[in-house]
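Contents: one structure, followed by commentary.
Every number in this text was worked out from the coordinates using simple rules, so none of it is lab data. Just so it is clear, the structure is predicted and the values come from calculations on it, not from any experiment. Heads up, the Cβs are rebuilt from the backbone with ideal geometry, glycines too, and the neighbour counts pull from every protein chain shown.
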Amino acid sequence: MALQANRLVAALIPTGWDPRRYGIPDDVINQVDTVTCFALVATVEMLIRSGITDPYKLYQYFHISKVGNTTGSGMGGSQSIQDVFKNRFLDKGLKNDVLQETFISTVQAWVNMLLMSSSGPIKPIVGACATTVLSIDAAIETIQAGKAKVMIAGSVDDFTEETTVEFANMGATSNSVEEFAWGHMPSEMCYPCTSMCNGFMEGHGTGIVTLMLALAAIEFGAPIYGIIAMSGTATDKQGQSVPVPGKGVLTSARESSKSNPPPRLLNFDYRRRQLQRQLSALEGWKQEELADLADQAGRSTETVDISMLRYAGGVEKSYQRQRHSLQDAWSNEFWKDDLEISPLHGSLAVWGLTADDIGVASFHGTSTVANDQNESDVLNTQLKHLGRTPGHVVPVVCQKWLTGHPKGPAASFMLNGVIQSLRTGLIPGNHNADNIGKELEANDYALYLSKSIQTTGIKAGLIKSFGFGQVGGELLVVHSDYLLAALTKEQLDKYNNKLQKHSIKSERYWQDTLVGNHPFVQVKSHPSFTAEQEKNVYLNPLARAKYGSAS
């Protein structure tokens, strides 16, 4: 049975894209699914842009158990799924282990086997169109739980005939035949938040990010592009439609009735005073413990009491642990379980910000009536509830008019865009937004741009993502200057020195790739340790790699 295609436009990787050009060996290409090749190339670029020209350099600073991966996908290996469910029965020559390439976790496996060789947490994420937000949320929770210091996160998805047909059957994508009949060019066929919303244009690809504990990034000297101040996910209410977006993400702004004056915990100076007071008390405890040990050592008959030195080291460890707990309690976690402070409000207050400081909102913006109206209402309701100044609008970015909808990696693309806006102050417009939907006029806080605008600076951006299966997600991204401003001059100078060295090496890596000195993707042939060292490396938390150019 032949189907007449009416979805003829999509945002695709340029024709002629070949993983061989990036250095991926033929035996790997013949083995893995196309999405794995996407992920390998994107992961290498992510590492280079993070100042990491060789993944094993991470193990100079961190134990291999502290580097993990939460990369996910909406579908997994789509080409391999076709092989398993269609091409196998057409008697086409297929490899015997093609089934493994359909699993979403296989992408992470190949990235680790060919590039990272870590033994850290691995959490394959499935979240349809919101996979990236779920992946980042899982990565952040892993870091905050102390299970990792570096996490690779993101998503990958492909474009296939099957997904195109089924999205069309659902009425989610724009009908290209109709669009051409209306005189629209391919670049004009997706127009989020307008009166002509007619569905999105499908895409594919991958987006991978490096997430680090702030102290780890500073210690390593990695470029800090932004701060993930908050990540959250939410489901929605009862229903019988899987794709319909809901308002569950409103819960990130959940607060009890407004108190006047507002909770003192939101005051940055108040929290700083409380922290300093408790740190002083902790310092007194430390001195008392050391004095007690010194007194015991004075009564000891041994010339050198090794046990006392060990006890003194234990006091210092306990001191540092308690110090970090106090810093977390008054800096990052003061709002948790407080009914008067919402996660979004509290996460802004961590950095001394308020709802008025959100300078850009990146929309999922699928150019469907259901999504665009719902998302606009959610943003407007959140900002109103959090007390944003009336009339202080937030510019809305709907970049799917340009990038298409790659499904799982969508929020990766959006995060990249928000980071660029934070770094440049430039907010891109929706060039197809020449007729904003009349039903959106009720959203007083949303400003739908048709042209790009240059601002004097953006402090924070808010990203929303909605996926099939009641998967809603949200990210709050704060400008990296707020973290760097917390460093002393000595710490900042030391960090900038490391950053400069990594930046030079990264730039040299790009240049060497372009002139043919080495491939872009350099697949590893052995782990960062020998077979004799393996067990000891896993069991010794102090094990570190020693980098050498010949390794």
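Shape of the stretch 165-256 from its Cα gyration tensor (a ≥ b ≥ c, root eigenvalues): rounded if a/c is under 1.5, otherwise prolate when a/b > b/c, or oblate? Oblate shape, in that a/c is at least 1.5 and b/c is the bigger or equal ratio.
Sparsely packed loop sites in the stretch 407-490 (the trypsin sites (Lys or Arg not before Pro) outside DSSP H, G, I, E and B with at most 11 other Cβ atoms within 10 Å) comprise K451.
Within the set (1) 1.07; (2) 1.40; (3) 2.24, the number that Cα Rg over 2.2 N^0.38 Å takes when calculated for this structure is listed as (1). Around the amide H of L447, modelled in the peptide plane, lie the amide H atoms of V394, V396, all under 5 Å away and 5 or more residues distant in sequence or on another chain.
Might you report the magnitude of the Cβ-based charge dipole of the stretch 298-401 about its Cα centre, with Lys and Arg at +1 and Asp and Glu at -1, to the nearest 20 debye? Spell out each step's value before the answer.
Numbers: 9 positive and 13 negative charges, 60 e Å.
Approximately 280 debye in magnitude.
Evaluated with a Cβ-only charge set (Lys, Arg +1; Asp, Glu -1), the chain carries a dipole of roughly 1120 debye about its Cα centre, given to the nearest 20. Helix screen, the chain: DSSP H segments with Cα axial length of 30 Å or more and mean Kyte-Doolittle hydropathy at least -1.0 are 306-331. Overall shape: prolate for the stretch 325-481, with the ratio a/c of the largest to smallest alpha carbon gyration tensor axis at 1.5 or above and a/b above b/c. Summing charges over neighbours of L115, with a neighbour being any other residue whose Cβ is under 14 Å away from its Cβ, gives 0 when K and R count +1 and D and E count -1.
The trypsin sites (Lys or Arg not before Pro) found in the stretch 285-393 that occupy coil by DSSP, while having at most 11 further C-beta atoms within 10 Å, are K336. Maximal additional length on extending the L94-Q274 stretch stands at 58.2 nm, based on 0.36 nm per residue less the C-alpha distance.
If we count every other residue with Cβ under 10 angstrom of I358's Cβ, Lys/Arg +1 and Asp/Glu -1, where does the sum land? Around I358, the surrounding residues sum to 0.
Could you pull out the pairs from K336/K501; K384/K451; K384/K489; K286/K501; K237/K464 whose alpha carbons sit more than 29 Å apart here? Mind showing how you got there, number by number?
On the way: K336/K501 39 Å; K384/K451 26 Å; K384/K489 39 Å; K286/K501 38 Å; K237/K464 18 Å.
Going by Cα-Cα distance, K336/K501; K384/K489; K286/K501 fall outside the 29 Å limit.
Restriction of the GluC sites (Glu not before Pro) in the stretch 262-356 to DSSP coil positions whose beta-carbon has at most 13 other beta-carbons within 10 angstrom yields E302. Taking a ≥ b ≥ c as the square roots of the eigenvalues of the Cα gyration tensor, an a/c ratio of 1.5 or more together with a/b no larger than b/c marks the stretch 88-151 as oblate.
What is the sum of charges, Lys and Arg at +1 and Asp and Glu at -1, for the other residues whose Cβ falls under 14 Å from the Cβ of R544?
Details: positive: K57, K66, K149, K546; negative: E219.
Result for the neighbourhood of R544: +3.
Length gained on full extension, T488 to L309: 61.4 nm, using 0.36 nm per residue less the C-alpha separation.
Note on the stretch 52-178: with charges restricted to the Cβ of Lys and Arg (+1) and Asp and Glu (-1), its dipole about the Cα centre is near 680 debye.
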